[in-house]
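Report on the structure given below.
Since every read-out is calculated from the coordinates, none of them should be taken as a lab result. Since the model is a prediction, treat every value here as computed from it, not as a measurement. Note that each Cβ is placed from the backbone with ideal geometry, even for glycine, and that neighbours are counted across all protein chains shown.
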Amino acid sequence: MRSEELGETLLPKRLALPIFASDPLSSVAYATQEILLVLTVGGAAFLYLTPWVAAGVVALMAVVVMSYRQVVHAYPSGGGSYEVVSRNLGANSGLVVAASLLVDYVMTVAVSVASGVDNIISALPSLAGHRVWLALGFVLLLMAVNLRGVRESGKAFAAPTYLFIGGILLMVVTGLVRVALGDAPVASSASYGILPEDGKDTVAGLGLLMLGLRAFASGCTALTGVEAISNGVPAFRAPKARNAARTMAVMGTTAVVMFAGITALALIAKVHITEGGACRLTGFPGDCASTPQQTVIAQLAAAIFGGDHSVLFYAIQAVTALVLILAANTAFNGFPLLASILAEHRYLPRQMHTRGDRLAFSNGIIALAVVAGGLLWLYDANVTSLIHLYILGVFTSFTLSQIGMVRHWNRALATETDPAVRRSALRSRVINAFGAVVTALVLVIVLLTKFTQGAWLAVVAALVLWLMMRGIRRHYDGVAAELAVDDPEAESARPARVHGIVLVSKLHKPTLRALGYAEAFRPDSLEALTVAVEPEATGELERQWTEAGVRVPLKVLDSPYREITKPVLAYVREHRRGSPREAVAVFIPEYVVGRWWEHLLHNQSALWLKSRLLFTAGVMVISVPWQLTSSGRAGGPSRRAPGAVRRGEPAPGSGYERLPAPEKV
């Protein structure tokens with residue numbers, strides 16, 4: 001796609017919802033399950049806390065959605081939390097948010113894909129042994145689709161997202177209707193007993209509070225990806241801010257309804273599920289360690305639609321697995337966009353800001369896929385293991401962005417005099433202040449309850465990323481300062497003299513071409529340079545040089561240790577020390593080959609020598625290519641161009657007509 005076609009990639013709301021909101025919408029598929037997994041450590045006795053924990057998650061989601069709607073209207077240029085915090089709290093705080101979000105986007109891909117694979121295995125248990133390869137295959141598929149462009153990925157993922165929403169709402173409505181008619185669904189695990197973990201059945205007081213808070217922190221996975229819309233406002237059609245805010249409202253409402261419905265039905269159907277490994281379900285057929293438990297969604301679908309062999313059961317499992325895998329698409333859009341903004345601000349390599357041939361940020365997409373795939377491989381695509389590294393970054397960005405928005409409204413109110421605008425700003429400030437307090441509390445809860453279970457790895461990763469981005473910015477700032485032009489006349493001054501050196505290994509066509517090109521440059525002085533690695537070969541070269549009548553002097557550098565690079569570098573540097581105002585132009589004959597394996601057979605010494613010469617001040621390195629037949633072109637024309645001189649002949653007026661014979665150094 002041409003650069004001018006960027007406007008054609010802008011998204012209508014119906015495509016923006018599955019692209020930017022698939023993560024928070026799909027999170028409801030495992031958020032309830034994560035709450036139950038925590039509460040069942042004490043057996044079934046603490047499941048009565050589930051409604052209260054779920055209510056807290058719903059209230060928090062409402063607060064966060066309302067808060068981010070303010071961000072969308074105040075900062076419609078994109079960047080979301082990073083831009084809000086950078087502008088209002090400073091660059092270092094902005095980098096904290098950026099590092100946290102980048103880590104969380106990676107975790108979004110890993111957790112979403114692993115959870116999707118879990119739902120596939122719930123329907124087809126025979127695939128349990130292929131968990132990791134399935135996960136890696138889905139990551140590659142997501143990467144490939146996103147490389148096709150934002151709009152194309154939206155079209156590909158819209159249908160599964162809407163089918164998931166429709167399927168879950170159908171399941172919730174059907175289940176609640178059955179409850180109203182006195183035919184409440186019963187989960188297959190309702191008859192299983194739950195053995196408490198050692199010492200956890202008598203938890204009370206502070207321990208009970210911590211258990212509830214830990215369950216709340218796990219349930220907050222339902223909020224992951226909420227900020228993605230605020231990062232991607234520029235991708236919406238005009239009016240961008242209004243369309244983004246409406247999409248966020250639809251996303252929040254839909255997610256709350258689905259999460260509340262799934263949680264209510266899980267309690268009504270008496271779903272029992274525990275963490276894998278040491279099985280704590282009594283009456284469970286088989287061994288928990290080898291036989292996977294069905295997910296909460298799978299148990300509800302089987303209970304509501306008539307068993308785990310019904311058509312609707314497989315349909316719900318299919319769309320759930322598909323949307324969980326596609327939920328990673330939120331990260332595949334958010335990560336490259338944020339990385340592009342950071343690269344534009346010189347905190348990440350410039351390549352992250354480059355669009356591919358389909359106008360997608362291809363480098364960011366590929367980087368995300370590689371890192372997320374590595375995590376899935378390292379953690380065996382296990383959701384329970386990965387979930388502990390999750391959501392810490394989300395609430396770090398939530399908290400700092402809401403604090404930044406409070407400062408934003410304070411600044412606006414300091415200069416605004418219109419009563420209507422002031423009332424709107426005051427209302428927005430209250431929303432953001434309340435959001436800052438709530439998300440800060442949740443951040444503390446998540447940190448306390450998940451830190452020792454693996455969340456510390458996410459903290460370390462974010463810290464390393466923060467330090468790396470600061471280092472990249474220092475590098476770019478240093479380069480910019482070093483390259484800045486202070487005195488154009490002095491910087492563009494010509495060197496006093498130019499001394500040309502042609503590197504020679506043999507007297508063949510590439511060497512003669514390099515000599516001809518060097519003479520065409522008309523340096524003030526010119527010489528050929530060879531290194532005596534093998535005395536016999538060097539003697540033969542000198543004989544051929546004299547017989548051919550090449551008038552450019554040949555210097556021979558002695559090399560008792562058979563080195564090529566060091567003698568040449570020493571000679572060039574010595575020449576520079578003797579004539580510091582003189583520039584040295586080194587001409588290197590090189591073969592151009594057409595087959596990949598031929599690169600291994602040619603030019604390795606020339607490549608290494610060239611790389612070393614580039615670090616020598618005042619030295620210009622010029623490659624003179626000779627195209628071999630395999631490159632698709634002949635080495636050079638057989639007839640001389642008009643006015644050309646014969647190879648080895650000095651150019652008229654070049655000053656090389658009477659140069660001395662070869663000299664040893």
Legend entry - Vicinal HN-Hα couplings computed from phi for the range 527-539 (Karplus, 6.51 cos²θ - 1.76 cosθ + 1.60; Hz; Gly/Pro x): 8, 9, 9, 10, 10, 7, 7, 10, x, 5, 5, 5, x
Inset, instruction - Determine the distance separating the Cα centre of the range 464-526 from the Cα centre of the range 98-114; give it in Å without decimals. - result: 42 Å
Legend entry - Assigned charges on the beta-carbon of Lys, Arg, Asp, Glu; the chain dipole about Cα centre (debye): 1440 debye
Legend entry - the chain, helix-only ellipticity at 222 nm - DSSP H runs n ≥ 4, -39,500 (n - 2.57), divided by all residues, nearest 500: -20000 deg cm²/dmol
Legend entry - Footprinting exposure proxy for PHE259, PHE361 (fewest neighbouring C-beta atoms within 10 Å first): PHE259, PHE361
Inset, instruction - Give me ASP308, ASP118 ranked fewest to most by other Cβ atoms within 10 Å of their Cβ, as a rough exposure proxy. - result: ASP308, ASP118
Legend entry - Cβ-based exposure ranking for THR616, THR274, in which fewest neighbours within 10 Å come first: THR616, THR274
Legend entry - Interchain or long-range residues, amide H under 5 Å from GLN627's placed H: VAL592
Inset, instruction - Using a/c under 1.5 as the rounded threshold, could you call the range 452-509 rounded, prolate or oblate? The axes a ≥ b ≥ c are square roots of the C-alpha gyration tensor eigenvalues, and prolate needs a/b larger than b/c, oblate otherwise. - result: oblate
Legend entry - Angle between the chain longest axis and helix 91-123 axis [Cα atoms, degrees, rounded to 10]: 60 degrees
Legend entry - Karplus 3J(HN,Hα) series, Hz, for the range 221-230 with 6.51 cos²θ - 1.76 cosθ + 1.60 (x for Gly, Pro): 4, 5, 9, 5, x, 4, 7, 4, 5, 5
Legend entry - Cβ-based charge dipole, the chain, positive-most Cα from SER77, LEU25, MET352: SER77
Legend entry - From the coordinates shown, Rg/Rh (Cα atoms, Kirkwood Rh) corresponds to which of [x] 1.06; [y] 0.98; [z] 1.15: [z]
